[in-house]
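All remarks here apply to the structure that follows.
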Amino acid sequence: MFIPKRIYIKRDSRYDAKTKDILARVRMCNPGVVIINLDPGIFKYPVKSPRDKFLHMKESAIISRRISPFITTFASPGDIVEDLTTILNLGWMCAANCEFCYLQTNQTPEHYLYSNISDAEKFIRVAPVAHAAILTIWTQISYSLKRALLKIPEGLLETSDELRVKFAEAGINTDDEAVDFYYSHQEWIFNLLQKNSKEYRVSYIADFYVDRDIGTCKSE
């Protein structure tokens, strides 16, 4: 069990209910935990060497609000055939100190606990239907370009994140709602792909748009 010796609190998290809950739990196990409020909210290491920074954070935690999405689409590195993988980020970094772990050398060692973790719930509710919609976009891109795409297409990751936000805002969590949204927002999706990808340049009407009544591209 991770029991930090010190906790840094970013200013935007100071009065969050989850912050108070985390502090209460830690104090039960470590009454002498050191609480450090960060003003103006920027964390700076009190040590300099990479090894000292790593060891310092193994005894520490930073409470912060997560600004980037809690759920994202992961693109595997390298030239490999890949599937669409969805990642749920409930924290950042690990409190363990496993000698063999690659995180010891290739990641920033800050250990974050998120005070707005309840925001993840609305994205979790829409995740299954959003995933299906994102796979549909991938298929539609492949159809537009007239070739199979074995890697996640450029621009799809950013488009996926924005699509999840739309689904969460609208509370879309059924297949019927997702289908309705998809057909009514094809031009918005197309414009997102054009914005997020330097490679994806096709015609909306001729190559991308699908007529809901017949289920095929309008140009056919």
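The values are calculated or read from the model by the stated rules, or taken from the named source; none is laboratory data. As the structure is a prediction and not an experimental result, all values here were calculated from the model. All Cβ positions, glycine included, derive from the backbone under ideal geometry; neighbour counts span all protein chains shown.
Annotations
- Residue count for the range 72-100, restricted to those that are in contact (Cβ under 8 Å) with a residue 60 or more places away in the chain and of a type in the set (Asp, Glu): 2
- Candidates 118, 68, 76, filtered to the one that is part of a helix (DSSP H, G or I) and polar (S, T, N, Q): 118
- Failed criterion for residue 70 (all others in (1) in contact with a Lys or Arg (Cβ under 9 Å, 6 or more places away or on another chain); (2) surrounded by 14 or more Cβ atoms within 10 Å (Cβ to Cβ); (3) under 21 Å from residue 12 (Cα atoms) hold): (1)
- When 78, 32 are checked against the criterion of being loosely packed, with under 12 Cβ neighbours inside 10 Å, within 30 Å of residue 163 (Cβ to Cβ), out of contact with any strand residue (DSSP E or B) (no Cβ under 7 Å at 6 or more places or on another chain) and of a type in the set (Gly, Ala, Ser), a single residue qualifies: 78.
- Residue in the range 192-214 that is among the hydrophobic types (A, V, I, L, M, F, W, C), under 26 Å from residue 88 (Cα atoms) and either modelled with pLDDT of 85 or more or assigned to a loop (DSSP other than H, G, I, E, B) (or both) present: yes
- Cβ-Cβ distances below 6 Å connect the following pairs, each with a first residue in the range 47-71 that is within 26 Å of residue 127 (Cβ to Cβ) and among the hydroxyl-bearing types (Ser, Thr, Tyr), a second residue that is surrounded by 17 or more Cβ atoms within 10 Å (Cβ to Cβ) and modelled with pLDDT of 85 or more, and a separation of six or more residues or different chains: 64/10; 64/13; 64/112.
- Condition met for residue 127 (small (Gly, Ala, Ser), surrounded by 15 or more Cβ atoms within 10 Å (Cβ to Cβ) and either outside any helix (DSSP H, G or I) or at pLDDT 85 or above (or both)): yes
- Hey, residue 147 surrounded by fewer than 16 Cβ atoms within 10 Å (Cβ to Cβ), assigned to a loop (DSSP other than H, G, I, E, B) and of a type outside the set (Asp, Glu) or not: yes
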